[in-house]
Amino acid sequence: MALEFTDANFEELVLKSDVPVIVDLWAVWCGPCRMVGPIVEEIGIEYEGQAIVGKLDVDNNPEIARRYSIRNIPTILFFKNGEVVDKQVGAVPKQVLVGKLEPLL
């Protein structure tokens with residue numbers, strides 16, 4: 001299951017994680033975000049214990065969106081050891097996201 005990341009918990013859950021983290025930056029009004037959402041949820045279930053997977057609503061958490069210069073959503077950031085190591089902008093098939101996650105495990 002995907003966690004809900006916020007400006008408040010981002011450092012603890014994402015930056016301090018000892019496993020890779022996928023952050024799906026999205027908004028309620030974004031059509032492509034609604035296509036990616038269920039894929040992110042599936043990855044969260046399938047990789048439970050190996051990676052942390054979550055979503056961050058950019059409208060409710062503008063600080064994180066600004067910090068990572070998010071201009072388009074959905075944007076999916078891949079973190080390892082507190083650093084962004086990969087990024088995907090736009091709606092893509094599940095295998096693209098899994099292909100970016102696998103090498104980080």
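Annotations
- Residues of region 1-47 classified as β-branched (V, I, T), touching a Phe, Trp or Tyr at 6+ places or on another chain (Cβ under 7 Å) and within 15 Å of N61 (Cα to Cα), total: 2
- K87 vs. criteria free of Cβ contacts under 8 Å to residues at least 24 places away in the same chain and outside any helix (DSSP H, G or I): yes
- In region 4-24, the qualifying residues are those that are among the aliphatic types (A, V, I, L, M) and under 12 Å from I52 (Cα atoms), and the one that is nearest to the chain's Cα centre (by Cα) is V23.
- Within region 39-85, the set of residues being closer than 17 Å to W26 by Cβ and of a type in the set (D, E, K, R) comprises E41, E42, K55, D57, D59, E63, R66, R67, R71.
- All of V58, V89 fail the test of being closer than 18 Å to L15 by Cα and in contact with a strand residue (DSSP E or B) (Cβ under 6 Å, 6 or more places away or on another chain), apart from V58.
- Of the residues making up region 27-75, those that are within 13 Å of the chain's Cα centre (by Cα) and not in a loop (DSSP other than H, G, I, E, B) number 19.
- Matching residues, region 5-28, being surrounded by fewer than 17 Cβ atoms within 10 Å (Cβ to Cβ) and either of a type outside the set (K, R) or touching a Pro at 6+ places or on another chain (Cβ under 6 Å) (or both): T6, D7, A8, N9, E11, E12, L15, S17, D18, V19, A27, V28
Each value in this text was obtained by applying a stated rule to the coordinates, not by laboratory testing. Computed from a predicted model, the values in this text were never measured in an experiment. Every residue, glycine as well, gets a Cβ built from its backbone with ideal geometry; the counts of neighbours run over all protein chains shown.
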